[in-house]
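Student: So that we are looking at the same thing, I have put the structure below in structure tokens.
Readers should treat all values here as calculations from the given coordinates under stated rules, not as data from a laboratory. In this text, all values refer to a predicted model and were calculated from it rather than measured experimentally. As a convention, Cβ positions derive from the backbone with ideal geometry for all residues, glycine included, and neighbour counts pool all protein chains shown.
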Amino acid sequence: MVTAGAFNAKFSPGGAVDIEYLVQGLQINHGPAHPALRLTNTREALAALAQAGILAQDDYERLRDAHMFIRRLVNALRMVRGNTKDLTVPPAASEEYRFLADRLGYSADLERLRADLNRHPTFVQQLSVRLLG
């Protein structure tokens, strides 16, 4: 379940599930003409989509960066929470958020973390609309 107003790294719009659906949707749409796209690893599939010219280089790089950011976020949240179930980013004013920022290598740059938490999911959503409709 996703709490209203909070970002869940797995289930919120632009999160891990959306990235996987975007990649899989492109694989389904273009796989018949490009057998090299038939990969199960998301990162490898992203590279294959770029190599086939289905993803523009800039889109590939930004989507790859978003995927890496979300994967790192999921792992850091698991450390912060001490379990694998709650992947919701804690409130920005909390100690947990500061710990999360530190785990992700942002140290005291909480504003940069907030910007990345907005930038990556927003790009994933916009790219999904543009490429999959």
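Student: Below 14 angstrom from the Cβ of residue 81, what's the summed charge of the other residues (Lys, Arg +1; Asp, Glu -1)? Show your work: numbers first, answer last.
Tutor: Numbers: positive: 10, 78, 85, 103; negative: 86, 95, 96.
Within the 14 Å Cβ shell, the charges total +1.
Student: Now a separate question. Which value results for Rg/Rh of region 16-132 when Rg is the Cα radius of gyration and Rh the Kirkwood radius based on the inverse mean 1/r? Please list the in-between numbers first.
Tutor: Values: Rg = 15.9 Å, Rh = 15.3 Å.
When Rh is taken as the Kirkwood radius, the ratio is 1.04.
Student: At 7 Å along Cα-to-Cβ for each site, give me the label-to-label distance between residue 110 and residue 40 in nm.
Tutor: 4.2 nm
Student: Let me ask something additional. Given springs between every Cα pair under 10 Å in a Gaussian network model of the chain, which of 32, 90, 13 has the largest fluctuation?
Tutor: The residue that fluctuates most here is 32.
Student: While we're here: Which whole-number percentage describes the relative contact order of the chain, with Cα contacts under 8 Å and a sequence gap of 6 or more? Kindly include the intermediate steps, with their values, before the conclusion.
Tutor: Details: 129 pairs, mean separation 41.0, N = 133.
Over the chain, the number comes to 31 percent.
Student: Per residue of the chain, what 222 nm ellipticity follows from adding -39500 (n - 2.57) for every DSSP H run with n ≥ 4, rounded to the nearest 500?
Tutor: Theoretical 222 nm ellipticity from helices: -20500 deg cm²/dmol.
Student: Springs between alpha-carbon pairs under 10 angstrom, Gaussian network model over the chain: which of 14, 105, 31 fluctuates most?
Tutor: Comparing 14, 105, 31 in the GNM, the peak value goes to 105.
Student: Hey, fewest Cβ within 10 Å first, where do 98, 130 land in order? Please list the in-between numbers first.
Tutor: Numbers: 98 18, 130 9.
Ranking 98, 130 by Cβ neighbours within 10 Å, fewest first, gives 130, 98.
Student: Quick one: 3J(HN,Hα) in Hz for region 21-31, Karplus 6.51/-1.76/1.60 with θ = phi - 60°, rounded, Gly and Pro as x.
Tutor: 5, 4, 4, 5, x, 5, 5, 5, 5, 10, x
Student: Which residue fluctuates most in the GNM of the chain (Cα springs below 10 Å): 67, 30, 120?
Tutor: 30
Student: How much net charge surrounds residue 43 when only the other residues with a Cβ under 12 Å from the Cβ of residue 43 are counted, with Lys and Arg +1 and Asp and Glu -1? Let's see the in-between values first.
Tutor: On the way: positive: 64, 71; negative: 20, 44, 65.
That sum, taken over residues with Cβ under 12 Å, equals -1.
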